[in-house]
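I am attaching a structure below and will ask some questions about it afterwards.
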Amino acid sequence: MHYVSSGEGQPVILIHGLFGNLDNLKNLASTLEENYQVIRVDLPNHGKSEHWEFMDYPSLAKECVNLLEELNLSEAHFVGHSMGGKVAMALALLHPEMVTSLVVADIAPVSYSPRHQKVFAGLTSMPMAELTSRSAALEHLINADIDLGTAQFLLKNLQRADNGFEWKMNLDGLIENYPHIIGWEMPDAVYSKPCFFIRGGESEYVLAEHTNAIMKQFPKVTAKTINGTGHWLHAQKPEIFNRLVGEFIDKHQS
């Protein structure tokens, strides 16, 4: 799994969400690296990491175990946004001894209904062979009824190739494994160490109806809502988000 490490101190591993890469939480990393070793990762099928035909949360958690072993670390703090939050939760449930503390940003330990069909349609219909510029790619996504902010985020996955452009991410693999990504096929386990759930006040990913599911598997949870933010809370109000995460990790150093 491709990663970038900065800073020194207790390790903190940052995990991005679907269609993302290790730059998504770079702003948070720049804040934490003053006091911690911060490791930002590209999950499999994203960024510069290996493309997998099959991915689910247990296999992604195992990849985090492999990363800790590669870095010669026995445990770390984990911060995950969206799908990355599910990866971090899966690791905490399956290998709690390796997770010093857990921060989950705008996702719950539940199965979701499909909500990315429009994005997948826009990405798969991109005329890669005829594509001449990033602006043309942006226009295609806008015409596919994808909002500007999401389109710009998705195009961070677009890179120049010998014959035009290609996706960094494994788009076919993400489509094939999408049921696992939105699902939550995990054993009935409990993570009894400190964890912090942060949600966007305008997001529909963490709702009151998810409270019981969170409390069942993460009983030592504290929670915070950042008003005026949606699912991309870390990008919409980074100063507040970074402060909340930093304060939580400071409080729970091993």
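Only the coordinates and a few stated rules stand behind these numbers; no lab work does. Not measured: the values here are computed from a predicted model. Neighbour counts are summed over all protein chains in view; Cβ atoms, including those assigned to glycine, are modelled from backbone coordinates with ideal geometry.
Work out the length of the dipole vector of the chain about its Cα centre, built from +1 on the beta-carbon of each Lys and Arg and -1 on the beta-carbon of each Asp and Glu, and round it to the nearest 20 debye.
Values: 19 positive and 30 negative charges, 120 e Å.
Result for the chain is approximately 580 debye, rounded to the nearest 20.
Can you compute the modelled spin-label distance between Ser125 and Glu247, with each label point 7 Å from Cα toward Cβ, in nm?
For Ser125 paired with Glu247, the spin-label model returns 4.5 nm.
Running a GNM on the chain with Cα contacts under 10 Å, which residue among Gln152, Gln236, Gln117 ends up with the highest mean-square fluctuation?
Largest GNM mean-square fluctuation: Gln117.
Taking +1 at the Cβ of each Lys and Arg and -1 at the Cβ of each Asp and Glu, which of His210, Met55, Ile182 sits farthest along the dipole of the chain towards its positive end, judged by Cα position relative to the Cα centre?
Of the candidates, His210 comes out farthest on the positive side.
Follow-up. Counting C-alpha atoms alone, how compact is segment 1-117: give Rg to one decimal and Dmax as a whole number, in angstrom.
Considering segment 1-117 through its Cα atoms, Rg and Dmax are 13.2, 41 Å.
Here is a further query. Give me the compactness ratio for segment 132-254, meaning the Cα radius of gyration over 2.2 N^0.38 Å. Mind showing how you got there, number by number?
On the way: Rg = 18.8 Å, N = 123, 2.2 N^0.38 = 13.7 Å.
So the Cα radius of gyration is 1.37 times the expected 2.2 N^0.38 Å.
Specify the residue with the greatest mean-square fluctuation among Lys168, Lys86, Lys224, computed from a Gaussian network of the chain linking alpha-carbon atoms under 10 Å apart.
Most flexible of the set in this elastic network: Lys224.
Please report the net charge: other residues with Cβ closer than 10 Å to the Cβ of Arg160, K and R +1, D and E -1.
So the surrounding residues net to -1.
For the chain, I need the span (max minus min coordinate) of the C-alpha atoms along each principal axis, in Å, sorted largest to smallest.
The Cα atoms of the chain stretch 53, 39, 35 Å along their principal axes.
Continuing with the same structure: Can you give the charge dipole size of segment 117-176 about its Cα centre, rounded to the nearest 20 debye, using +1 on the beta carbon of Lys and Arg and -1 on the beta carbon of Asp and Glu? Present the calculation step by step, with values, prior to reporting the outcome.
Numbers: 5 positive and 8 negative charges, 43 e Å.
Dipole size: approximately 200 debye.
Using only the Cα atoms, work out Rg/Rh for segment 117-176, with Rh taken as the Kirkwood radius, to two decimals. The partial results should precede the final answer.
Numbers: Rg = 10.7 Å, Rh = 11.6 Å.
Result: Rg/Rh = 0.92.
Would you calculate, for the chain, the mean residue ellipticity at 222 nm contributed by helices, counting each DSSP H stretch of 4 or more residues as -39,500 (n - 2.57) and dividing by all residues, to the nearest 500? Walk me through the numbers before you get to the answer.
Details: 11 runs with 94 residues, N = 254.
One gets -10000 deg cm²/dmol as the mean residue ellipticity at 222 nm.
How many lysine pairs in the chain, separated by 8 or more positions in sequence or lying on different chains, have Cα atoms less than 21 Å apart?
Count of close lysine pairs: 27.
First select every other residue whose beta carbon is under 15 angstrom from the beta carbon of Pro179; then total the charges, Lys and Arg +1, Asp and Glu -1.
-3
Taking the Cα-to-Cβ direction at Ser6 and at Lys156 and moving 7 Å from each Cα, how far apart do the two end points lie in nm?
1.3 nm
Just going by the charge dipole of the chain, with Lys and Arg at +1 and Asp and Glu at -1 on Cβ, which of Ile39, Ile198, Asn66 is farthest out on the positive end?
Farthest towards the positive end: Ile198.
Evaluate the Kirkwood expression for the hydrodynamic radius of segment 186-230, namely the inverse of the mean inverse distance over all pairs of different C-alpha atoms, and round to one decimal in Å. Intermediate values should be presented prior to the final figure.
Numbers: mean 1/r = 0.0884 Å⁻¹.
In segment 186-230 this quantity evaluates to 11.3 Å.
Moving on to the next point. For segment 27-88, I need the span (max minus min coordinate) of the C-alpha atoms along each principal axis, in Å, sorted largest to smallest.
Sorted largest first, the three principal extents are 38, 25, 20 Å.
Using a Gaussian network for the chain with springs between C-alpha atoms less than 10 Å apart, which of these wobbles most: Ala235, Ala92, Ala129?
Of Ala235, Ala92, Ala129, the most mobile in the Gaussian network model is Ala129.
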